[in-house]
Amino acid sequence: MADSRDPQDTPHDETDFPYGELDVPRGIGRRGFLAVGAGAMLCTIGGKKIALTKPGDAAKADAAAAMVMRPSSVPAKKPATGVPGADPVDKLTFGTPDPQPGCDVQEYWIQATQTLWDIIPSRPRRDQWMGTNLPGPSVFRACVYQQMSDGFAEPVGPAAMPGPILQARVGDVIKVHFRNGLPEASNQAVTMHPHGVRYNPEYDASYLGDFTRAGGYIAPGEEFTYTWECLPESVGVWPYHDHGPNHVLNTFRGMFGALIIRDRDEKAPDVEQVLFFHQMAPPITGLSRNYEAVNGRAYAGNTPTIRSKVGQDVAIHVIGMDNDFHDFHMHGHRWRKDGTGIFTDTPSLGPNETITARFIEDNPGRWLYHCHVFSHMDAGMAGWYIVEP
Amino acid sequence: MADSRDPQDTPHDETDFPYGELDVPRGIGRRGFLAVGAGAMLCTIGGKKIALTKPGDAAKADAAAAMVMRPSSVPAKKPATGVPGADPVDKLTFGTPDPQPGCDVQEYWIQATQTLWDIIPSRPRRDQWMGTNLPGPSVFRACVYQQMSDGFAEPVGPAAMPGPILQARVGDVIKVHFRNGLPEASNQAVTMHPHGVRYNPEYDASYLGDFTRAGGYIAPGEEFTYTWECLPESVGVWPYHDHGPNHVLNTFRGMFGALIIRDRDEKAPDVEQVLFFHQMAPPITGLSRNYEAVNGRAYAGNTPTIRSKVGQDVAIHVIGMDNDFHDFHMHGHRWRKDGTGIFTDTPSLGPNETITARFIEDNPGRWLYHCHVFSHMDAGMAGWYIVEP
Amino acid sequence: MADSRDPQDTPHDETDFPYGELDVPRGIGRRGFLAVGAGAMLCTIGGKKIALTKPGDAAKADAAAAMVMRPSSVPAKKPATGVPGADPVDKLTFGTPDPQPGCDVQEYWIQATQTLWDIIPSRPRRDQWMGTNLPGPSVFRACVYQQMSDGFAEPVGPAAMPGPILQARVGDVIKVHFRNGLPEASNQAVTMHPHGVRYNPEYDASYLGDFTRAGGYIAPGEEFTYTWECLPESVGVWPYHDHGPNHVLNTFRGMFGALIIRDRDEKAPDVEQVLFFHQMAPPITGLSRNYEAVNGRAYAGNTPTIRSKVGQDVAIHVIGMDNDFHDFHMHGHRWRKDGTGIFTDTPSLGPNETITARFIEDNPGRWLYHCHVFSHMDAGMAGWYIVEP
């Protein structure tokens, strides 16, 4: 990430971890924050209700999360009994599924890690849509899922937001060796919770208080292997994200990614792009202003520039990853709305919901895509789609 | 409700009615209220625009509603003429429909009533998801639809939120004998307006100013019988709610419920649950903080715990009942999105819109369901789904 | 518009243009503004991030927009080279499409113009739903698309919000002769960007900074002819709106309208109505309170009153045109949700998304339609639907 930073972007000591008070520009009161529609949030962590309204407030939530003790039920197999609401199903244990006959294990090594992340990496910081330069700083300390080589030997490419795309076909199992590489001092237990695929409770990857199983609380330095099944009704594109005790903050910091599950004989599109639409608000980033981001970046030229050629089969999958609803507009194109007989060029989506724009490309040129919530596109939720003849 | 209250929950004199200023904790300024995203609202009542931003503000709206006079058009049959916008259709009168041949009258006796309602009835107040205890108080004076035995002789079970589920099949008529059992002193006219079924204007149950018909203004102590037809396109699960002069506040206080209309030969699912997703904000409850509720309760262990067994046909219907959009995530499951060919595990819904998750159960264990708007799940909009092997 | 104004509605000098500070009632602080949920917005114009939170703030955005220079790429044909992110596709040029054989050119002359627009034109200002009178003022200086006769000779009817409905069939091209009739002094370049139809980059009608083509920056006094193709997948009802450098503000001021594209042999419904659901907030109108509008009007009796007769084929198309999500409820009716097999009476829609309620009328009387976001219907987003026997 070194080349994407400049001096004004590094107010934070590299040795810090994000779970302390960030160095936030002064004078950014709640007024300015709310004025840009940034998301005041309420978090429930360790029994404390914590309101996040301004830069730095995340530190309160992190402090609460750091005090969440390992649940008595973790490691699991030890039944959750004698706690309010305990049920016989909490004593059940579950095996690890195998692939269907003739199908495969798709194996991934993934580590939760911190990284300095630049929301507007172009220099000068540029909004190519409006043809203007933007002020900084735009770097914050993100938490992301980083793909590793076998045995966590070394990173596969730089740490990035979103995490790696996990791919499989119906009948396969996806096996994720997950390691919490966050600093010990943060004491942040995290997980990797998938949508769409089938998992039994051992692999739900969710912190559930007294009912948490082993995969729902992975402390710094610990590892866990998740195994998930790809059913016929798993076909589609789905998000994964943190579901530990501090899941909202850590998800909003970048702990999310996508799974793509296809039928066994399904042809992949020629061009395929997953776009996460998500807010990056001052309480999360410690920066002074709100960004509406696509895959962690804001403003055309920084957000993903998608490329295709006339005649190609193009699929763009958009997933919401914040508290807001969005809709996806692509200039110069239209397609059938997912699973229906009608045409659209601006379908809506909610948090963790996926919509897909799929079409055979027939319209060369430079096109804008953007969220059609006007205040979102104006705060950076836009990008280029370039079609060659 | 006695066993769900404790001393700190009864700041209100039982003889009070909710239409006065509630005893609200001091020092909860607008800042804290907005900081948790609670819904500042604008109500239009009796010609007054009233902004609700903090505990106690509902009293202003109630006072305005109490001054709404009986419309000159009620009781109806008396045409609305000589008023701005009057139209010949306002002179039309309409009969009471009968069931189709071979079909039935589904008859209900329902009374609008006040009840002390505990948003977190567990003691200690418990968020089982996060494994923590919560502060109180959590009781407020709700308004709900209570099912009564024939002739309003006596209540059928305790007053609860939501009101009773009304069930019928295509060809039936639903006949609701409705009584406004709210205190005379409140002077709150209320109604019972259904979605999905067919009704003529006499049974629309909506206050419409000068064009109100008899069923649109039921004053305290009054009764009215609504008759609604179940058409083939009424098949589905639909909300009902107050649509009187103060409908927004009274709906937000708990005056809502569901209708389930099936085809004549349609098999009911083995397990069926209706979940209302709705905010319970300080201006409505008089409590100091905002809750995001499911069926009037907040936090897993208080919200409905749904139970099923492997092999059962399960249907979960989710209906929005506030100003917000939500989406419904169920861990460990996925299903076809309503009326389409695609799979989902997180469909979106708007106010008074219904989505259904329906599947054959195959995945035993303890599962979390929740709204996937992160700030909503963190404020209580979550619950348990327990599947026995 | 003369008869829709009264003295208290004309605080603005007719010779003013809306791009100066409006004469806003004093004492309307941010508190009152936020209390009614009105939309604080962030605009990105000319590289400046401008927060709009109160009446008059739009002037800052307008001033920024007035300083946006003509892009070096306009008029086009001159390739955008030597600018960051330039791509070979930016050098491509594109011809003007013709209709398919046997199909037609649908030709329109449309001018962007200012008009004084009354949000509540009834006198006294009336909310017929609640049967009450409303305070003023309710007039502001809007920007709209006005239909003109051939050669811009003269207006075809009064300037109104929304702009004219453009109609065509599959295989046709729509040719819009567009003229920016806004005051020279405003220096507001505007455009006319359509959804649904096919256009090549010359006719995208979007300001794109250094990559803007001629149709994306039409300065006051200038003209441009857009040509758009109607494909089989263009069938439906779609919005058009401004997409110039100040598109958010100008769209929110009224620069929007609809296209209806039908199959060649498709029968038009007997009754067809397009309803735009959109907020009219103090930063845009300069008025002291927020309105939730339908086609620029607020409150039943001011918003469109739709009329039909039993037996008619009715289509009501609802399009979102602000930052919010809405849903559309029609009393006494239900229909198949767009492109699916399920029934609804309250479908959701996002910004620039269209939903359609279509049914054969069978239920005479006076009916209410409204957004079912409770706070929206209470702020004016409601109207009448009158069905004759």
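Being within 15 Å of C:Q111 (Cβ to Cβ), in a loop (DSSP other than H, G, I, E, B) and not β-branched (V, I, T) is the requirement here; does C:G254 meet it?
yes
Which of the residues belonging to region A:129-154 are without any contact (Cβ under 8 Å) to a residue 12 or more places away in the chain and closer than 20 Å to A:G254 by Cβ?
none
Would you point out which residue out of C:P101, C:P162, C:P124 is within 14 Å of chain B (Cβ to nearest Cβ) and in a loop (DSSP other than H, G, I, E, B)?
Of C:P101, C:P162, C:P124, the one residue that is within 14 Å of chain B (Cβ to nearest Cβ) and in a loop (DSSP other than H, G, I, E, B) is C:P124.
Kindly list the number of the only condition in (1) without any contact (Cβ under 8 Å) to a residue 60 or more places away in the chain; (2) of a type outside the set (V, I, T); (3) buried (at least 20 other Cβ atoms within 10 Å of the Cβ) that fails for A:N290.
Exception for A:N290: condition (1).
Could you please give the count of residues in region C:346-389 that are assigned to a loop (DSSP other than H, G, I, E, B), under 20 Å from B:F252 (Cα atoms), small (G, A, S) and within 18 Å of the chain's Cα centre (by Cα)?
1
Is it fair to say B:R297 is buried (at least 20 other Cβ atoms within 10 Å of the Cβ), more than 24 Å from A:G215 (Cα to Cα) and within 8 Å of chain A (Cβ to nearest Cβ)?
So B:R297 fails the test.
With the requirement that a residue be assigned to a helix (DSSP H, G or I) and of a type in the set (V, I, T), what does region B:221-251 give you?
B:V248, B:T251
Report every pair of residues separated by at least 6 positions or lying on different chains whose Cβ atoms are under 9 Å apart, first residue within region B:214-231 and modelled with pLDDT of 95 or more, second assigned to a strand (DSSP E or B) and of a type in the set (S, T, Y).
Matching pairs, first to second residue: B:G215/B:T225; B:G215/B:Y226.
Here's a check for you: in region A:210-220, which residue that is part of a loop (DSSP other than H, G, I, E, B) and surrounded by fewer than 24 Cβ atoms within 10 Å (Cβ to Cβ) is nearest to the other protein chains (Cβ to nearest Cβ)?
In this case the residue turns out to be A:A219.
When you go through C:E292, C:E233, C:E229 one by one, which is the residue that is within 11 Å of another protein chain (Cβ to nearest Cβ), in contact with a Pro (Cβ under 6 Å, 6 or more places away or on another chain) and on the phi < 0 side of the Ramachandran plot?
Residue meeting the stated conditions: C:E229.
Could you identify the single residue in C:D263, C:D270 that is surrounded by fewer than 22 Cβ atoms within 10 Å (Cβ to Cβ), in contact (Cβ under 8 Å) with a residue 40 or more places away in the chain and within 13 Å of chain A (Cβ to nearest Cβ)?
C:D263
Which is over 23 Å from A:G332 (Cβ atoms) and outside any loop (DSSP other than H, G, I, E, B), of A:L275, A:L259?
A:L259
Within region C:342-360, count every residue that is more than 14 Å from chain A (Cβ to nearest Cβ) and either hydrophobic (A, V, I, L, M, F, W, C) or surrounded by fewer than 23 Cβ atoms within 10 Å (Cβ to Cβ) (or both).
Qualifying residue count, region C:342-360: 3.
Please find, among A:G102, A:G131, A:G85, the residue that is among the small types (G, A, S), modelled with pLDDT under 95 and surrounded by fewer than 23 Cβ atoms within 10 Å (Cβ to Cβ).
From the options A:G102, A:G131, A:G85, the qualifying one is A:G85.
Give me a count of the residues in region C:353-377 that are touching a helix residue (DSSP H, G or I) at 6+ places or on another chain (Cβ under 9 Å) and either modelled with pLDDT under 95 or of a type in the set (S, T, N, Q) (or both).
Number satisfying all stated conditions: 2.
Determine, yes or no, whether B:M280 is buried (at least 24 other Cβ atoms within 10 Å of the Cβ) and within 21 Å of B:S348 (Cα to Cα).
Taking the combined requirement at face value, the residue satisfies it.
Taking C:G311, is it away from chain A (no Cβ under 14 Å), farther than 22 Å from C:L259 by Cβ, in contact with a Pro (Cβ under 7 Å, 6 or more places away or on another chain) and touching a residue at least 12 places away in the same chain (Cβ under 8 Å)?
Considered against the rule, which asks whether it is away from chain A (no Cβ under 14 Å), farther than 22 Å from C:L259 by Cβ, in contact with a Pro (Cβ under 7 Å, 6 or more places away or on another chain) and touching a residue at least 12 places away in the same chain (Cβ under 8 Å), C:G311 comes out as no.
Here is a check on your reading of the model: is C:A168 among the hydrophobic types (A, V, I, L, M, F, W, C) and either closer than 30 Å to C:D338 by Cα or surrounded by fewer than 22 Cβ atoms within 10 Å (Cβ to Cβ) (or both)?
The answer is yes for C:A168.
Name the single residue, out of those in region B:293-320 being under 14 Å from the mean Cα position of the chain (by Cα) and either among the β-branched types (V, I, T) or assigned to a strand (DSSP E or B) (or both), that is farthest from B:F140 (Cα to Cα).
The selected residue is B:H317.
What do you reckon, is A:Y207 touching a Gly at 6+ places or on another chain (Cβ under 8 Å), surrounded by 24 or more Cβ atoms within 10 Å (Cβ to Cβ) and more than 19 Å from A:G350 (Cα to Cα)?
When the stated conditions are applied, A:Y207 passes them.
Scan region C:324-341 and give yes if some residue there is β-branched (V, I, T) and not in a loop (DSSP other than H, G, I, E, B), otherwise no.
no
Within the bounds of region B:147-154, is there any residue that is on the phi < 0 side of the Ramachandran plot and surrounded by 17 or more Cβ atoms within 10 Å (Cβ to Cβ)?
Yes, there is a match, as at least one residue in region B:147-154 is on the phi < 0 side of the Ramachandran plot and surrounded by 17 or more Cβ atoms within 10 Å (Cβ to Cβ).
Determine whether region B:331-341 contains at least one residue that is at the interface with another protein chain (Cβ under 8 Å from one of its Cβ atoms), within 19 Å of C:T340 (Cα to Cα), out of contact with any Ser or Thr (no Cβ under 7 Å at 6 or more places or on another chain) and at pLDDT below 95.
yes
Checking B:H177 against (1) assigned to a loop (DSSP other than H, G, I, E, B); (2) more than 16 Å from the chain's Cα centre (by Cα), which single condition isn't satisfied?
(1)
The values are calculated or read from the model by the stated rules, or taken from the named source; none is laboratory data. None of the values given here were measured: they were computed from a predicted structure. No Cβ is skipped: glycine too gets one built from the backbone with ideal geometry, and neighbour counts run over all protein chains shown.
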